[in-house]
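Participant: Just passing along the structure, written as structure tokens.
Nothing in this text is a laboratory measurement; each read-out follows from the coordinates by a stated rule. What you see is a predicted model; the values in this text were computed from it and never measured. Using ideal geometry, Cβ is built from the backbone for each residue, glycine included, and neighbour counts are taken over all protein chains shown.
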Amino acid sequence: MRLRVFPAIADVSMEKFDVVIIGSGPGGYIAAIRSGQLGLKTALVEKDKELGGTCLNVGCIPSKALLTSSDHYMFVKKEAAKHGIVIDGAHADLAKMQQRKDKVVKTFNSGVRSLMKSNKVTVLEGTGTITAPGKVSIKSSKGETQEVETKNIVIATGSAPMELPFAKFDGKTIVSSTEGLTFAEAPKKLLVVGAGAIGLELGSVWNRLGSEVTILEFLPRIALGFDLELANLLQRLLTAQGMTFHLEAKVTAVNSNNGRATVIATKDKEELKFEADKVLVSVGRRPFSDGLGAEKVGVEFDEKKRIKVNEHFRTNVEGIYAIGDVIAGPMLAHKAEDEGIACVEIIAGKAGHVNYEAIAGVIYTNPELAGVGLTEDQAKEKGVDVRIGRFPFRANSRALCNDDVEGMVKFVADAKTDRVLGAHILHHAASELIAEAVSVIEFGGSSEDIGRTCHSHPTLSEAVREAALNVEKRALHIINR
Ligand code: NAI
């Protein structure tokens, strides 16, 4: 089958697909590729002009483009001279930074489109609505509607930014991450509500580009879900970079007037008041299934409006599956991707499976915070007896060469079996370094397995090995008492 792009109405309505996937984010488009590889007749439905969903268009990819550019800028401003590189008059050209970011996104958009073509996936442009099991109607932006028949439907409609009930997004002063990626100039004062991944990443971007960034967080800590010791260390480092944190501060009111905002938060029964040019609300995302018609065909949802599925991604309705942010679990692109692969493998009669113990989370600040598996606190809560191995990058030769010594690696290993239950890394390169620990957890390996593995010298990955060795208090480059 050739790639057919809407409005090839007459053509596709005659066809019966094996799988119709609704939503082209990393969950949906990866499911479509795998489905094509498995020889299933596949269609991918997308309401937006471009493929790739939140991650590619207004999430992971553009934010990482801006994080990298602003990180380079910080290097030039604050670090380069230490390396003997003297750059006079360096300044940030934000328009150019934004153009580069847009180009990165466009390159990926066309990459995904050509992957659909090479995997013989039919792309249907428009909003997909399930009218009955096995039937999806697609309404284009021009209002044209067509209906396709399919043996299986995979819902991969993702999530949308959550609003505070008293602070509706206006796209200008009270904004979500979508607009937080597109500011034409760095706001003088940026108030961020929520110290999760989005608040910390976009807070970092604009802090580096000159904004005065204040983060208000309801909890007594930042980066919930990550190792507390490393999260506290990250908070200290971000504070040293110029960001201000108010923890245990619950935002209760936001008033915007003439392009300025006043934010009220309560902390210990005390009222705090802040003025800001922009307020970035990053208090989580909600599963998105607006216009999908899933309820009408009897698909069950849980109390958080997530679609209920079993371990095979099957909803309660025969032939309807769901994956990614719209079901339970961490809202992460790579979790959605793996669910997409497993789901279509199951549809194809194979044994698809996702190991939820081996899904890393990363916050792409500088240093980056990465974690997989159990934290020390989670192990304690579960009553699991663990041993901890730590190693600071300050004692790693490559980190010293790079002048990039902030952070540490921390392993959580089962005290009886030595099996690695969790790994946590705070470092500029944590997002890449965590992959070794993810593999070891996937294979059910022990800290000794990592300790006995030869790591190239000098590399940052030696710090991972040293932390693993230190589960038995036998790291080589620090003194263990
Ligand atoms: P989040 O759920 O990670 O963090 C939201 C924070 O806002 C929480 O710490 C919460 O306590 C706080 N909060 C909620 N209401 C508040 C209030 N009224 N006042 C003060 N604080 C309040 O949500 P975030 O950062 O918006 O991210 C959404 C989702 O997207 C998450 O699941 C995240 O994992 C995912 N994501 C992942 C990224 C990554 O992997 N690097 C990047 C961006 C998003």
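Participant: Name the residue that is nearest to L67 (Cα to Cα), counting only residues in region 190-200 that are touching a Phe, Trp or Tyr at 6+ places or on another chain (Cβ under 8 Å) and more than 6 Å from the ligand (Cβ to nearest atom).
Facilitator: If we take residues in region 190-200 being touching a Phe, Trp or Tyr at 6+ places or on another chain (Cβ under 8 Å) and more than 6 Å from the ligand (Cβ to nearest atom), then L190 is nearest to L67 (Cα to Cα).
Participant: Being among the aliphatic types (A, V, I, L, M) and closer than 14 Å to E201 by Cα is the filter; apply it to region 50-66 and report the residue that is surrounded by the most Cβ atoms within 10 Å (Cβ to Cβ).
Facilitator: L66
Participant: List the pairs whose first member sits in region 143-157 and is touching a residue at least 12 places away in the same chain (Cβ under 8 Å) and under 19 Å from G324 (Cβ atoms), whose second member is among the polar types (S, T, N, Q) and outside any strand (DSSP E or B), and whose Cβ atoms are under 8 Å apart, counting only residues at least 6 apart or on separate chains?
Facilitator: What qualifies is I155/S289; I155/T315; A156/S24; T157/S289.
Participant: Kindly list the number of the only condition in (1) crowded, with 18+ Cβ neighbours inside 10 Å; (2) under 26 Å from A429 (Cα atoms); (3) not hydrophobic (A, V, I, L, M, F, W, C) that fails for K78.
Facilitator: (1)
Participant: Further question: Looking only at region 300-330, count every residue that is surrounded by 18 or more Cβ atoms within 10 Å (Cβ to Cβ) and either within 16 Å of the ligand (Cβ to nearest atom) or of a type in the set (S, T, N, Q) (or both) and tell me the total.
Facilitator: Going through region 300-330 one residue at a time, the tally reaches 7.
Participant: Here is a further query. For region 153-171, give me each residue that is assigned to a strand (DSSP E or B), buried (at least 21 other Cβ atoms within 10 Å of the Cβ) and within 13 Å of the ligand (Cβ to nearest atom).
Facilitator: Answer for region 153-171, where residues must be assigned to a strand (DSSP E or B), buried (at least 21 other Cβ atoms within 10 Å of the Cβ) and within 13 Å of the ligand (Cβ to nearest atom): S159, P161, A167.
Participant: Could you please let me know if L124 is under 27 Å from the mean Cα position of the chain (by Cα) and either surrounded by fewer than 14 Cβ atoms within 10 Å (Cβ to Cβ) or closer than 30 Å to K296 by Cβ (or both)?
Facilitator: yes
For (1) more than 16 Å from the ligand (Cβ to nearest atom); (2) in contact with a helix residue (DSSP H, G or I) (Cβ under 7 Å, 6 or more places away or on another chain), each residue gets a yes or a no:
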{"position": "T365", "(1), (2)": "no, yes"}
{"position": "V372", "(1), (2)": "no, yes"}
{"position": "D377", "(1), (2)": "no, yes"}
{"position": "R390", "(1), (2)": "yes, yes"}
{"position": "G407", "(1), (2)": "yes, yes"}
{"position": "K416", "(1), (2)": "yes, no"}
{"position": "A435", "(1), (2)": "no, no"}
{"position": "S439", "(1), (2)": "yes, no"}
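Participant: Please verify whether region 359-368 includes one or more residues that are more than 30 Å from K78 (Cβ to Cβ) and acidic (D, E).
Facilitator: no
Table: residues versus (1) in contact with a strand residue (DSSP E or B) (Cβ under 6 Å, 6 or more places away or on another chain); (2) surrounded by 23 or more Cβ atoms within 10 Å (Cβ to Cβ).
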residue	(1), (2)
L374	yes, yes
Q378	no, no
D414	yes, no
I425	yes, yes
S446	yes, no
S456	no, no
L460	no, yes
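Participant: Restricting to region 206-222, what's the tally of residues that are surrounded by 21 or more Cβ atoms within 10 Å (Cβ to Cβ) and near the ligand (Cβ under 8 Å from one of its atoms)?
Facilitator: 3
Participant: For region 273-299, enumerate the residues that are farther than 30 Å from T131 by Cβ, surrounded by fewer than 17 Cβ atoms within 10 Å (Cβ to Cβ) and touching a residue at least 12 places away in the same chain (Cβ under 8 Å).
Facilitator: Matches in region 273-299: E275, G284.
Participant: Filter region 176-191 down to residues that are more than 14 Å from L209 (Cβ to Cβ) and in contact (Cβ under 8 Å) with a residue 24 or more places away in the chain and give me whichever is surrounded by the most Cβ atoms within 10 Å (Cβ to Cβ).
Facilitator: Only one residue tops the list, namely L191.
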